[in-house]
Each structure stands twice: as structure tokens, then as C-alpha cells.
Amino acid sequence: MMFKYKALSLTQHFNCLCDTALAGLQSYLVNAGVQIGDDLGAVFEEAIRFKKMQIEGIFTDRKPKYSGFSFHIGRIAASAVPIPVNQLKLPDRREICFSHDTEQRQLIDSYIKIFGSGVNGLGRILSRVYVSKLFRTAAWS
């Protein structure tokens with residue numbers, strides 16, 4: 001049953017999950033005295049959007065997704081130590097293309113062929129694979 005709800009959260013309800021995460025972070029920042037318009041608030045918004053672009057529709061959307069970013073969000077995950085927000089800011093807003101490579105698409109297709117694309121089938125897929133292997137890859141333009 002846990003995998004069923006994991007499948008629902010990563011498919012049908014992922015947009016709501018992202019909205020809830022952003023609202024929670026914004027509330028926390030306001031309570032901490034950080035202005036939402038500040039760069040820190042913008043980094044949080046972009047980090048959530050970055051993850052959303054990687055995950056949303058991983059089983060259904062074949063076309064690449066594009067979004068513009070003002071911060072180098074990929075550096076956050078790649079760094080072993082915290083990076084000051086001002087070092088993440090890009091000189092100009094940049095477009096990122098999020099897409100599955102051929103191997104990822106084949107893996108997704110083969111699992112769907114075996115287990116199906118319903119909630120139970122997607123739950124079975126998620127119980128057998130590291131979900132991060134299914135995330136779209138980000139490519140800076």
C-alpha cells in the first residue's frame with residue numbers, strides 16, 4: 001500500500017506536493033524574517049521547480065520540458081558544503097532542458113509493459129527501481 005501512495009504522490013499529485021513544499025518554505029522564511037522577494041526565497045522556489053521539472057510526468061511525458069533559472073540549482077546538490085546564495089546567482093537567466101535519455105525511456109517503457117501504467121503498476125515499478133534513475137536530466141542551454 002505504501003508504494004501505491006508513493007506512486008500517487010509522484011504522478012497524479014506531484015504538482016500539489018510541490019505547491020505544498022513551496023508554501024511551507026515560504027511560511028518558514030516569513031516566520032524567520034526573510035523577505036520572500038530576497039534571493040534566498042527565489043532559490044527555494046527555483047529548487048522546487050527544478051525538482052518538479054525532473055519528476056513531473058516521468059511515466060507519461062515524453063517531450064522535453066524547459067524552464068528558465070536565475071540560480072545554478074545543480075550546484076546545491078553537487079556540493080558537499082553549503083554554498084552562499086550570492087555564489088549561486090547566474091549573470092543572466094538561463095534556460096534548462098529537462099529530458100529523459102534513450103536508456104531511461106527504454107527502462108520506463110519496459111517496466112510499464114511488465115507492470116502496467118495504473119497506480120498499482122507504477123507502485124510496483126517504484127518498488128523495484130531507484131526512482132532517481134527515472135528523473136529527467138538537466139542540460140543547460
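Quick note: the coordinates plus some simple rules give every number you see, no bench work behind them. Since we're looking at a predicted model, the values are computed, not measured. Cβ coordinates were reconstructed from backbone atoms using ideal geometry, including for glycine residues, and neighbour counts include every protein chain displayed.
Does residue 49 meet the test of being touching a strand residue (DSSP E or B) at 6+ places or on another chain (Cβ under 7 Å) and either free of Cβ contacts under 8 Å to residues at least 40 places away in the same chain or assigned to a helix (DSSP H, G or I) (or both)? Walk me through how you get there before you give the answer.
Numbers: touching a strand residue (DSSP E or B) at 6+ places or on another chain (Cβ under 7 Å): yes; either free of Cβ contacts under 8 Å to residues at least 40 places away in the same chain or assigned to a helix (DSSP H, G or I) (or both): yes.
In short, yes.
Which residues, counting only those in segment 60-102, are under 15 Å from residue 46 (Cβ atoms) and polar (S, T, N, Q)?
Once the filter is applied, which keeps residues that are under 15 Å from residue 46 (Cβ atoms) and polar (S, T, N, Q), segment 60-102 yields 67, 70, 86, 87.
So which residues in segment 26-47 are crowded, with 18+ Cβ neighbours inside 10 Å and under 16 Å from the mean Cα position of the chain (by Cα)?
The answer is 43, 44, 46, 47.
Would you be able to tell me the number of residues in segment 64-86 that are of a type outside the set (Ser, Thr, Tyr), assigned to a loop (DSSP other than H, G, I, E, B) and surrounded by 11 or more Cβ atoms within 10 Å (Cβ to Cβ)?
As a first pass, look at segment 64-86 and keep what is of a type outside the set (Ser, Thr, Tyr): 64-65, 68-69, 71-78, 80-86.
Okay, now just the ones that are also assigned to a loop (DSSP other than H, G, I, E, B), so 64, 72-73, 80-84.
Now drop any that are not surrounded by 11 or more Cβ atoms within 10 Å (Cβ to Cβ), which leaves 64, 72-73, 83.
Residues that pass the stated criteria total 4.
Could you look through segment 87-141, keep only residues that are part of a strand (DSSP E or B) and touching a His at 6+ places or on another chain (Cβ under 9 Å), and pick out the one that is nearest to residue 6 (Cα to Cα)?
Per the criteria, the residue is 137.
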